Amino acid sequence: MENKLSAAMADYLKIIYLLEKEKKVARVSDIGRRMEVRKASVVSAVNYLKRAELIQHERYGFITLTPRGRQAAEAINCKYEILLDFFQNTVKTGENRAKEEASKIQHLISGESTEKIRLLINALNKNSKVIKVKPKSKGKTKKRV
């Protein structure tokens with residue numbers, strides 16, 4: 001479903017989702033501030049998302065996600081979170097670069113590939129305890145029992 005949205009519309013949907021989580025509802029002004037865009041741009045995007053039945057919005061009113069919109073927004077946000085985790089904690093990219101790259105790639109990568117990255121992260125985290133090497137001691141070696 002989110003694959004049919006442009007990257008820009010997916011970003012708007014994700015911001016509405018995050019604002020709903022924080023404030024229960026989203027407003028045009030809140031979206032504009034968060035995305036650093038003008039009100040006219042937000043209104044245009046809101047109208048598009050409303051026609052696509054991803055949000056509910058009455059003129060000058062609050063913006064809320066429809067069940068279909070929430071599902072799409074959760075999928076978009078999940079991709080972002082997985083990619084962000086991968087760049088920050090697996091690749092050890094700096095926070096700003098990780099956010100920037102996750103934001104760009106989330107629109108290009110399939111759900112299937114994102115899931116494989118999530119599985120890779122889990123496997124690496126699980127195995128990281130196994131592959132850690134203890135430094136050799138310079139003194140006597142202890143017998144293992």
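The values are calculated or read from the model by the stated rules, or taken from the named source; none is laboratory data. Please read all numbers here as calculations on a predicted model, not as lab measurements. All Cβ positions, glycine included, derive from the backbone under ideal geometry; neighbour counts span all protein chains shown.
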Original post:
Which residues, counting only those in region 26-60, are surrounded by 14 or more Cβ atoms within 10 Å (Cβ to Cβ), touching a Gly at 6+ places or on another chain (Cβ under 9 Å) and not in a helix (DSSP H, G or I)?
Top reply: Arg27, Ala52, Leu54, Ile55, Gln56
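Which is in contact with a Ser or Thr (Cβ under 7 Å, 6 or more places away or on another chain) and modelled with pLDDT under 95, of Leu108, Leu124, Leu54?
Leu124
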Subject >> Residue within region 74-86 that is farther than 26 Å from Ile109 by Cα, surrounded by fewer than 21 Cβ atoms within 10 Å (Cβ to Cβ) and small (Gly, Ala, Ser) present >> reply: no
Subject >> Selection within region 33-91 - under 13 Å from Ile16 (Cα atoms) and among the small types (Gly, Ala, Ser) >> reply: Ala45, Gly69, Ala72, Ala73
Original post:
Does any residue of region 1-16 turn out to be part of a helix (DSSP H, G or I), loosely packed, with under 14 Cβ neighbours inside 10 Å and among the acidic types (Asp, Glu)?
Top reply: no
Subject >> Pair list, Cβ under 6 Å, 6 or more apart: region 26-49 residue assigned by TED's automatic domain parsing to the domain that holds Ile63, other residue surrounded by 14 or more Cβ atoms within 10 Å (Cβ to Cβ) and not in a helix (DSSP H, G or I) >> reply: Ala26/Ile63; Val46/His57; Leu49/Ile55
**OP:** Among the candidates Lys79, Lys116, single out the residue that is out of contact with any helix residue (DSSP H, G or I) (no Cβ under 9 Å at 6 or more places or on another chain) and either in a helix (DSSP H, G or I) or without any contact (Cβ under 8 Å) to a residue 24 or more places away in the chain (or both).
**Re:** Lys116
